[in-house]
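A quick write-up on the structure given underneath.
The values are calculated or read from the model by the stated rules, or taken from the named source; none is laboratory data. Fair warning: this is a prediction, and the values are worked out from it, not measured in the lab. Reconstructed Cβ throughout: ideal geometry from the backbone, glycine too, with neighbour counts over all protein chains shown.
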Amino acid sequence: MHHIRDWILPVIDFFYPPFQRVFSRQTFRYAASGGGNVVLGFSVYSLSFECLFKGRVWDLGFYALQPHSAALFLSFCVTFPVGFFMAKYVVFSDSFLSGRVQLFRYFLICQFNLFLNWILLKIGVEYWEIDPLPAQLITIAFVVAVSYLAQRYFSFRSLGIKD
């Protein structure tokens, strides 16, 4: 894992100097790695919505998923492990918490974010009749802000912030 981190950090840090007056290094790393994960998640969401789920209701027996919800859950399955790796090894590597505690807390926050994303997406698509792709983009903007605060101060809490 550290070999991948050693490859990713110099790439992200290469782009940091123009932003150093605006962001701490850690915030910039969060924005870059989180932004990459958001792009990955939206790509999975878009492709799965358009190619795999569009026009199909996925009946799970206990609940029927609309296409936009099914695409959201598939996207989560891809972005969860990528996001945890990036948060643990690239952004918040100064955390004093054990990996198991970090994973559990990260999972809790991600579950909350997934639920928040799903509710907002459902409202946007099913009640306000916004197209699913723009609705997901709007939802992402809100969830990202909530996620940063929760991950920084709960999942990957540190004694001091390294920069």
Across (1) under 18 Å from the mean Cα position of the chain (by Cα); (2) closer than 21 Å to Arg5 by Cβ, Arg100 clears everything bar (1)
Go through Tyr153, Tyr148 for me and flag whichever is more than 15 Å from the chain's Cα centre (by Cα) and assigned to a helix (DSSP H, G or I).
-> Tyr153
Within segment 76-90, can one find any residue that is at pLDDT 90 or above, hydrophobic (A, V, I, L, M, F, W, C) and exposed (fewer than 14 other Cβ atoms within 10 Å of the Cβ)?
-> yes
Of all residues in segment 8-33, how many are surrounded by fewer than 10 Cβ atoms within 10 Å (Cβ to Cβ) and under 21 Å from the mean Cα position of the chain (by Cα)?
-> 1
Within segment 109-131, which residues are more than 17 Å from Leu40 (Cα to Cα) and in contact (Cβ under 8 Å) with a residue 40 or more places away in the chain?
-> Ile109, Trp118, Leu121, Lys122, Val125, Glu126
Selection within segment 143-159 - surrounded by 15 or more Cβ atoms within 10 Å (Cβ to Cβ) and modelled with pLDDT under 70 | Ser155, Phe156, Arg157, Ser158
Considering only residues that are within 16 Å of the chain's Cα centre (by Cα) and in contact (Cβ under 8 Å) with a residue 60 or more places away in the chain, look in segment 42-58 and name the one that is nearest to Leu149 (Cα to Cα).
-> Phe42
Listed by first then second residue, the pairs whose first member lies in segment 1-25 and is under 21 Å from Gly83 (Cα atoms), whose partner is surrounded by 12 or more Cβ atoms within 10 Å (Cβ to Cβ) and aliphatic (A, V, I, L, M), with beta carbons under 6 Å and at least 6 positions apart or on separate chains, are Arg5/Val90; Ile8/Val90; Ile12/Ala32
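Let's see how each residue does on (1) within 11 Å of the chain's Cα centre (by Cα); (2) buried (at least 17 other Cβ atoms within 10 Å of the Cβ); (3) in a helix (DSSP H, G or I):
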{"residue": "Leu72", "(1), (2), (3)": "no, yes, yes"}
{"residue": "Phe112", "(1), (2), (3)": "no, no, yes"}
{"residue": "Ile130", "(1), (2), (3)": "no, yes, no"}
{"residue": "Ala141", "(1), (2), (3)": "yes, no, yes"}
Can you tell me which residue within segment 74-106, out of those that are of a type in the set (S, T, N, Q) and in a helix (DSSP H, G or I), is farthest from Val38 (Cα to Cα)?
-> Gln102
